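The values are calculated or read from the model by the stated rules, or taken from the named source; none is laboratory data. The structure presented is a predicted model; accordingly, all values stated were derived computationally and were not measured. A quick note on method: Cβ atoms are made from the backbone with ideal geometry, for glycine too, and the neighbour counts reach across all protein chains shown. For the accessible areas, the whole protein counts, side chains as well, though only heavy atoms, and no ligand, DNA or RNA atoms are used. Shrake-Rupley method; radii C 1.70, N 1.55, O 1.52, S 1.80 Å.
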Amino acid sequence: LAGGAPAASSDEQLVQARIATMKQNGQILRGAKTLSGEKAVAAASTILKNFKSFPGLFREGSITSDSRATDKIWQNWADFTKRLKAEERNAEAMLAAAQTGDKKAYEAAIEALKKPCSSCHLAYADVF
């Protein structure tokens, strides 16, 4: 389910898809700086696809015992989706840099992607 879930998904399926997608992003970002060429393009493409899928994985109230999401997401939906859109733009920059082979821009885009992840989790997830 990484990268998306069918519209008729249960809360549990949505939560599991969110977890899998976030883990996939984390794994890719941890090793992305060592990638180049087609592998870098594939990594950036996956990150971009995942960020585009996130709003659909957060149907209102989709919280289970496995979820760290809080109701703050839906109470502040405009801010939450604004943050996701910003990350989409960072992923687009990562992909563009990967496609042109611009290693410096590629690495800068990776760093730009990492920082907002923590900020969003602190704002919208039970992380502690």
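So here's what we get for this one:
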quantity	calculated
Only listed residue being open to solvent by less than 30 Å² (accessible area, probe 1.4 Å) and not aromatic (F, W, Y), chosen from T34, T21	T21
Output for region 115-128, where each listed residue is without any contact (Cβ under 8 Å) to a residue 60 or more places away in the chain and either under 22 Å from L95 (Cα atoms) or open to solvent by less than 40 Å² (accessible area, probe 1.4 Å) (or both)	K115, P116, S118, C120, A123, Y124, A125
Hits in region 69-109 (condition: of a type in the set (V, I, T) and either under 13 Å from K33 (Cα atoms) or touching a helix residue (DSSP H, G or I) at 6+ places or on another chain (Cβ under 7 Å) (or both))	T70, I73, T81
Residue that is modelled with the lowest pLDDT, among those in region 61-114 that are of a type in the set (V, I, T) and either under 15 Å from the mean Cα position of the chain (by Cα) or open to solvent by less than 40 Å² (accessible area, probe 1.4 Å) (or both)	T64
Residue pairs meeting the criteria (Cβ under 9 Å; at least 6 apart or on separate chains; first assigned to a helix (DSSP H, G or I), in region 33-49; second surrounded by 13 or more Cβ atoms within 10 Å (Cβ to Cβ) and polar (S, T, N, Q))	A40/Q99; V41/Q99; A44/Q99; T46/Q24; T46/N25; I47/Q24; I47/N25; I47/N90
Meets criteria (more than 11 Å from the chain's Cα centre (by Cα) and assigned to a helix (DSSP H, G or I)) for E12	yes
Among (1) open to solvent by less than 30 Å² (accessible area, probe 1.4 Å); (2) at pLDDT 95 or above; (3) under 18 Å from S119 (Cβ atoms) - the single one A44 does not satisfy	(3)
Test set (1) modelled with pLDDT of 95 or more; (2) open to solvent by 40 Å² or more (accessible area, probe 1.4 Å); (3) under 17 Å from the mean Cα position of the chain (by Cα) - A2 fails condition number	(1)
